[in-house]
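S.K.: I'd like to ask you about the structure that follows.
The values are calculated or read from the model by the stated rules, or taken from the named source; none is laboratory data. Given the structure is predicted, the values throughout are model-derived calculations rather than measurements. Here Cβ is always computed from backbone atoms with ideal geometry, including for glycine, and neighbour counts include all displayed protein chains.
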Ligand SMILES: Cc1ncc(COP(=O)(O)O)c(C=O)c1O
């Protein structure tokens, strides 16, 4: 098959591949605990489902304006005002088929040959491939446990050059759970202000921030950067609506128009029924979101404590999202089935086969020393899965005490 060259530049999403592996094992009757999920394990709140059913019954089953109905755009505007203190007009917001689609559209609208896209690493799997697909050039800004997986202002300053078109900010972050404090964000904002880099602020995990005080939005700190920031969000994680597919953006009018033009020639509008559900999600009670966040906070504490008790595993306490990103490199050099484990990928395979727990290897996120564990699963699964991981790692012989 003679496929387009651009397909040689990208790989399938590794997080979605884990889902496929788990499904395959389950089909063989093997019980697997899935710590790979990038989605809340909670059901979509009832009032949101009811809004979708009502929309269906009322015949809201036809094309809508490409970037979403006026009702949805009003709901997005109201949300951004209420939660983030940001003021936008109808022409400055758009709705798309998931946050991933919002980013895809935005990258294609913004990036071209030679444009550098600054991506703090570890990063969400799709940023770099999407940037490449759009013709841009990802430039990774490495972070580590020492800086809490956050870039520093000095690092950003040093990375910025004439080709730097945009910076991706994702706080709280996937896969590390790291979130910038107000002081840290202010320092980054000062550097951004002095440059002319465009910022894509991916806020999809904003509601899942645990004991840290809520940090103002970059644009609330620097409102005059309005023309240089695209705010991206989604109903997926916040409202347990990953399957419904609705993301949205707010930003400079010209960019929003470009996104809608692209969308008009590709998917057209996001699903009309989902749009009605999203209006209910954004404008209705936020109590289910708060309940989910309280539950995630408990699970995060449990998972981090359990991981830290396993010899050789080190794990930062993530501020938000629903992932932990432990360092597993102390297990490299151990042997399994005549082979030496040398990477997160090898260890993940070992855990899948021997512990019957699916985790995501760090390679796809830009680190071969870490694995991602999602705690968007029940406490019972977490307890059992961590028991199995711990037992399997102990069987591996593991690192010498103290590593
Ligand atoms: C950091 C980040 N941004 C965006 C998305 C896109 O989510 P969705 O397309 O479901 O809105 C995800 C999903 O995993 C994510 O982790």
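S.K.: What number goes with the only condition from (1) in contact with a strand residue (DSSP E or B) (Cβ under 7 Å, 6 or more places away or on another chain); (2) outside the structural domain of residue 18 (by TED's automatic domain parsing) that residue 274 does not pass?
M.R.: It is condition (1) that residue 274 fails.
S.K.: Looking at 267, 285, can you tell me which residue is assigned to a loop (DSSP other than H, G, I, E, B), out of contact with any strand residue (DSSP E or B) (no Cβ under 7 Å at 6 or more places or on another chain) and farther than 15 Å from residue 97 by Cα? Write out each step before concluding.
M.R.: Working: 267 fails: farther than 15 Å from residue 97 by Cα.
Answer to the selection: 285.
S.K.: Also, quick follow-up: Looking at segment 252-261, which of its residues are away from the ligand (no atom under 16 Å from the Cβ) and either closer than 10 Å to residue 95 by Cα or surrounded by 17 or more Cβ atoms within 10 Å (Cβ to Cβ) (or both)? Break it down into steps so the answer makes sense when it comes.
M.R.: The first filter runs over segment 252-261 and keeps only residues away from the ligand (no atom under 16 Å from the Cβ), leaving 252-258, 260-261.
255, 256, 258, 260, listed by residue number.
S.K.: Which of the residues spanning segment 14-66 are in a helix (DSSP H, G or I), surrounded by 18 or more Cβ atoms within 10 Å (Cβ to Cβ) and out of contact with any helix residue (DSSP H, G or I) (no Cβ under 7 Å at 6 or more places or on another chain)?
M.R.: First pass over segment 14-66, keeping only residues in a helix (DSSP H, G or I): 14-27, 46-57.
Still in the list and also surrounded by 18 or more Cβ atoms within 10 Å (Cβ to Cβ): 14-15, 18, 22, 48, 51-52, 55.
The answer is 18, 22.
S.K.: Give the number of residues within segment 114-137 that are under 19 Å from residue 159 (Cα atoms) and away from the ligand (no atom under 15 Å from the Cβ).
M.R.: Step one: list which residues in segment 114-137 are under 19 Å from residue 159 (Cα atoms), which gives 114-123, 127-128, 131-132, 136-137.
Now narrow it down to the ones that are away from the ligand (no atom under 15 Å from the Cβ): 114-116, 118, 132, 136-137.
Count: 7.
S.K.: Next question, about the same structure. Any residue at all in segment 30-51 that is more than 25 Å from the chain's Cα centre (by Cα) and within 30 Å of residue 324 (Cβ to Cβ)?
M.R.: So far as segment 30-51 goes, yes, one or more of its residues are more than 25 Å from the chain's Cα centre (by Cα) and within 30 Å of residue 324 (Cβ to Cβ).
S.K.: Oh, and also: Of all residues in segment 210-237 being in a loop (DSSP other than H, G, I, E, B) and farther than 25 Å from residue 299 by Cα, which is farthest from the ligand (Cβ to nearest atom)? Step through it out loud before you land on a result.
M.R.: Going residue by residue through segment 210-237, those that are in a loop (DSSP other than H, G, I, E, B) are 210-217, 222, 235-237.
Next cut, farther than 25 Å from residue 299 by Cα only: 216-217, 222.
Working: 216: 20, 217: 16, 222: 22 Å.
My answer is 222.
S.K.: Separate question: Give 317, 307, 282 a once-over and let me know the one that is surrounded by fewer than 18 Cβ atoms within 10 Å (Cβ to Cβ) and in contact (Cβ under 8 Å) with a residue 12 or more places away in the chain.
M.R.: Details: 307 fails: surrounded by fewer than 18 Cβ atoms within 10 Å (Cβ to Cβ); 282 fails: surrounded by fewer than 18 Cβ atoms within 10 Å (Cβ to Cβ).
Exactly one of 317, 307, 282 is surrounded by fewer than 18 Cβ atoms within 10 Å (Cβ to Cβ) and in contact (Cβ under 8 Å) with a residue 12 or more places away in the chain, namely 317.
S.K.: Something else about it: Within the bounds of segment 170-177, is there any residue that is out of contact with any strand residue (DSSP E or B) (no Cβ under 7 Å at 6 or more places or on another chain) and more than 14 Å from residue 325 (Cβ to Cβ)?
M.R.: Among the residues of segment 170-177, at least one is out of contact with any strand residue (DSSP E or B) (no Cβ under 7 Å at 6 or more places or on another chain) and more than 14 Å from residue 325 (Cβ to Cβ), which makes the answer yes.
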